1. Might you check whether a residue that is within 16 Å of the ligand (Cβ to nearest atom), out of contact with any strand residue (DSSP E or B) (no Cβ under 9 Å at 6 or more places or on another chain), modelled with pLDDT of 50 or more and not small (G, A, S) occurs anywhere in segment 43-61?
2. Specify the residue that is surrounded by the fewest Cβ atoms within 10 Å (Cβ to Cβ); the eligible residues are those in segment 136-176 that are β-branched (V, I, T) and part of a helix (DSSP H, G or I).
3. Closer than 16 Å to H61 by Cβ and either in contact with a Lys or Arg (Cβ under 9 Å, 6 or more places away or on another chain) or hydroxyl-bearing (S, T, Y) (or both): which single residue out of L187, L154, L158, L168 fits that description?
4. Please specify each residue of segment 233-242 satisfying the condition of being in contact with a helix residue (DSSP H, G or I) (Cβ under 6 Å, 6 or more places away or on another chain) and part of a helix (DSSP H, G or I).
5. Could you list, in sequence order, the residues of segment 186-216 that are in a loop (DSSP other than H, G, I, E, B) and closer than 18 Å to L297 by Cα?
6. Quick one: which residue in L175, L187 is farther than 23 Å from D220 by Cβ and without any contact (Cβ under 8 Å) to a residue 40 or more places away in the chain?
7. Report, by residue number, each residue of segment 248-267 that is without any contact (Cβ under 8 Å) to a residue 60 or more places away in the chain and either closer than 11 Å to V66 by Cα or not in a helix (DSSP H, G or I) (or both).
8. Pick out the one residue from R231, R260 that is under 19 Å from P63 (Cα atoms) and of a type in the set (K, R).
Amino acid sequence: MKLATVLSFFLAAGVASGFSPASRSAVVSQLSMSTSTEAAPLTKGERIVRPQLPKVYVYDHCPFCVRVRLALGLKNVKHTLHFLANDDVDTPTALVGKKIAPIFEIPEDKLIMMESLGIIAKVDTDPRFGTTNIFAPASGRKDIKAWQKSVQTLLRTLQRPRYVATGLLPEFQQLDSRHAFIKNHQLPPYEKPEWKGDAENPGMDMDTKLKLYAEAMSADPAPLMEDLNARLVELDDMLFSEHYCSEGGLSLDDVDLWARLRSITIIKGVQWPTKLRAYMDNLSALGDVPLYDEMAL
Ligand SMILES: N[C@@H](CCC(=O)N[C@@H](CS)C(=O)NCC(=O)O)C(=O)O
C-alpha cells in the first residue's frame, strides 16, 4: 500500500489535508495542467458530527453499500457502520421489512431509508450533512456503463469466491453466513434460476454449489486475469482524471464506478494502470473507505 494511503488512515481529516493524495496531486496537476477548464479535486469539508450519529447497515462487499459509505466519507459525515452478517434476516427485516443492504438511519429524525441513490440524495441535499450538492448528477455515459456490463461475468467469476474465501469480511465471519451467500449467488456460467431454482425447478443442491465455489478458488486465474488487465487498460482510457471519472468534477458517476471497482481489489495480482490506480487510492483516502489489497487472494 502507498505511504500516502497509509498516512491518510491515521491522520484526522483536517490534519491530513496537508498530506492527502488529493491536495498533493492538486499541486501536481496545477503544474502540469494544459487547460484551465479542469475542475479542482474535491477538498473535504469540516467534519460533521451530529449529536446522534447516522447509522448505515451494510455488507462490506456490497457495491450499493459502498456507494453510501463513499458518499458519507467524501462529505466527511461521521456515522456508525453496522456490518450485517450475510444470513441475518431479522435485523434488516425489523428495519425495512426485508433482507436488504444498505439501510440508512437518521436517529434524530426517526427516519429509516433504503436504496443507495435515494440515501445519497438525502444526505447531499440536507445542510445538516455539510455543503450540499457536492456530487454532480450522473452523466449517463454509455461507455462506462457498457464497460461495466462487459466485465460482469468475468468479475463475478473472480470476485464471488474470493469474498467468502478470505474469511475476513465481516459479513462472512461464520459458516452460516458464507453458506447463505453461496446459496444465493450463482457462479458463471450458471444463471440465477439454474442456481437458486424457480417455479419449474428446485435449483442446484448445496453440495454442488460448495464444490463449484471451491473449484473456482483453486482454478488458475491467469487467463481471466489477462482479460481483466486488458479491460482495465480500456477503462483507464475512459477516466477523465485520477480524481474523477467524468469531465466536470466529482459526480454520481464516481460514486457508482468507484464502489464497483473497489471489489476488484480483492483479486490478487491485478495490474492496475497508473491513472486508474491513483483514482482508486485517491477516493479511498478522501472517502475513508479502505480497499481490499492487503487481503487479496
Ligand atoms: N437498489 C438497491 C440495491 C441493493 C441490493 O441489491 N443489495 C443487495 C446486496 S449487494 C442485497 O441486499 N440483496 C439481498 C440479499 O443479499 O439478501 C440499492 O441501490 O440500494
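1. Scanning segment 43-61, I find at least one residue that is within 16 Å of the ligand (Cβ to nearest atom), out of contact with any strand residue (DSSP E or B) (no Cβ under 9 Å at 6 or more places or on another chain), modelled with pLDDT of 50 or more and not small (G, A, S), so the answer is yes.
2. Quick first cut of segment 136-176, residues β-branched (V, I, T) only: 144, 151, 153, 157, 164, 166.
Checking the rest, the ones that are also part of a helix (DSSP H, G or I) come to 144, 153, 157, 164.
On the way: I144: 20, T153: 13, T157: 17, V164: 21.
Here the residue is T153.
3. Details: L154 fails: closer than 16 Å to H61 by Cβ; L158 fails: either in contact with a Lys or Arg (Cβ under 9 Å, 6 or more places away or on another chain) or hydroxyl-bearing (S, T, Y) (or both); L168 fails: either in contact with a Lys or Arg (Cβ under 9 Å, 6 or more places away or on another chain) or hydroxyl-bearing (S, T, Y) (or both).
After ruling out the rest, the residue left standing is L187.
4. So in segment 233-242, the residues in contact with a helix residue (DSSP H, G or I) (Cβ under 6 Å, 6 or more places away or on another chain) come out as 235-236, 238-239, 242.
Selection gives L235, D236, M238.
5. The initial filter retains those residues of segment 186-216 that are in a loop (DSSP other than H, G, I, E, B), namely 186-191, 197-205.
Residue satisfying the conditions is L187 alone.
6. Numbers: L187 fails: farther than 23 Å from D220 by Cβ.
Exactly one residue qualifies, and that residue is L175.
7. Selection gives L261 alone.
8. Values: R231 fails: under 19 Å from P63 (Cα atoms).
Going through R231, R260 in turn, just one is under 19 Å from P63 (Cα atoms) and of a type in the set (K, R): R260.
The values are calculated or read from the model by the stated rules, or taken from the named source; none is laboratory data. Since we're looking at a predicted model, the values are computed, not measured. Cβ sites come from the backbone with ideal geometry, for glycine too, and all protein chains shown count toward neighbours.
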